[in-house]
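> Please find one structure pasted underneath; my questions will follow.
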């Protein structure tokens, strides 16, 4: 674990940190790693990153499997399972989406999942390790505790994607629906500019700014621009 901390400390920018997280995850036996954050109050998914295969995520996204993913749904509910053996799930015939998710995970070689969720500022940050083999068969009965400790270090080191967005991994989030103009206005509002000041800076009318801000709140499902700005800050798109 000391080696893990040293490697994370040596990483420079956000991308290097993510690549280090992926390398560490593989070194300890995971086939892939996923990470993300949810707002503590609204439980909205703020951002997500993953090193899982393109085939897995194409199916996951297009078939909307995130709607029945027990890890994601558990995280949103605040009770994410810390260990999941996909092969032991017993969905009924009526639960076609769950059966699809199980088959897709096993086909991709992701049978075991170890998850960790911890509070970090205004968000709950999540790290999930995707494993093909039972981790305890590699490292013994203390494996889950060790993975939990390492996952905590990974979670603390990870950064949101910022304006790079990774919109295709914003499952169930309204963020990808925002236009660039709406994002810009949200960023200006997030740093404290009034609608009049935003209008002057962007050379538009105040009414246009207010209309766009209303659109932002509708798309993100927030009641106020302050809540929308909090989402943007947690995502790394606004830095005060």
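The values are calculated or read from the model by the stated rules, or taken from the named source; none is laboratory data. Worth saying up front: this structure is predicted, and the values here are computed from it rather than measured. When we count neighbours, we look across all protein chains shown, and the Cβ atoms used for this are built from the backbone with ideal geometry, even at glycine.
Quick grid of which residues meet (1) more than 20 Å from the chain's Cα centre (by Cα); (2) buried (at least 16 other Cβ atoms within 10 Å of the Cβ); (3) farther than 23 Å from residue 124 by Cβ:
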site: 192; (1), (2), (3): yes, no, yes
site: 198; (1), (2), (3): yes, yes, yes
site: 204; (1), (2), (3): yes, no, yes
site: 220; (1), (2), (3): no, yes, no
site: 230; (1), (2), (3): no, yes, no
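> Any idea how many residues of region 43-57 are in contact with a helix residue (DSSP H, G or I) (Cβ under 9 Å, 6 or more places away or on another chain) and either surrounded by fewer than 16 Cβ atoms within 10 Å (Cβ to Cβ) or modelled with pLDDT of 85 or more (or both)? Steps first, please.
Residues of region 43-57 that are in contact with a helix residue (DSSP H, G or I) (Cβ under 9 Å, 6 or more places away or on another chain), as a first pass: 43-52, 55-57.
Pick out the ones that are also either surrounded by fewer than 16 Cβ atoms within 10 Å (Cβ to Cβ) or modelled with pLDDT of 85 or more (or both) and you get 43, 50-52, 55-56.
Selection size over region 43-57: 6.
> In addition: Among the residues of region 58-80, are any touching a strand residue (DSSP E or B) at 6+ places or on another chain (Cβ under 9 Å), part of a loop (DSSP other than H, G, I, E, B), surrounded by 19 or more Cβ atoms within 10 Å (Cβ to Cβ) and on the phi > 0 side of the Ramachandran plot?
Looking through region 58-80, none of the residues is touching a strand residue (DSSP E or B) at 6+ places or on another chain (Cβ under 9 Å), part of a loop (DSSP other than H, G, I, E, B), surrounded by 19 or more Cβ atoms within 10 Å (Cβ to Cβ) and on the phi > 0 side of the Ramachandran plot.
> Would you pick out the residues in region 81-107 that are closer than 23 Å to residue 134 by Cβ and outside any helix (DSSP H, G or I)?
Here is the first cut: in region 81-107, the ones closer than 23 Å to residue 134 by Cβ are 81-91, 98-99, 101-107.
Within region 81-107, 81, 82, 83, 84, 85, 89, 90, 91 qualify.
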